[in-house]
């Protein structure tokens, strides 16, 4: 069986809940998919900012293990939560998806302060 060129391959984006990251078992599902021939370059797991803020060691190990398996991780709806840039930099992410409402707000000019006048 020939593998398609990565540029021509269908890429599947899958939302993964924070709760799912906290539970064991996700890696077994991923390993099964990889064993059945799924190219890791064709899978993107989308997580939320909440998942980055977890202090849960299982979730952190899961994210690192997914990265080691060459699974792409995307942070979905960035700008809706409270992620720090430090956490963002430390996370094993390959993509950042900016929330549409946040990007629309960034294009709206900020209100200006009226110039002060002295009496």
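Which residue is modelled with the highest pLDDT, if the candidates are limited to the stretch 18-38 and must be more than 13 Å from residue 66 (Cα to Cα) and surrounded by 14 or more Cβ atoms within 10 Å (Cβ to Cβ)?
Among residues in the stretch 18-38 that are more than 13 Å from residue 66 (Cα to Cα) and surrounded by 14 or more Cβ atoms within 10 Å (Cβ to Cβ), the one modelled with the highest pLDDT is 38.
Return the residue satisfying two criteria in turn: it lies in the stretch 83-95 and is over 16 Å from residue 16 (Cβ atoms) and either modelled with pLDDT of 65 or more or in a helix (DSSP H, G or I) (or both), and of such residues it is nearest to the chain's Cα centre (by Cα).
In this case the residue turns out to be 88.
The values are calculated or read from the model by the stated rules, or taken from the named source; none is laboratory data. On a predicted model such as this, the values are computed, not experimentally measured, just so you know. Don't worry about glycine lacking a Cβ; one is built from the backbone with ideal geometry, like all the others, and counts go over all protein chains shown.
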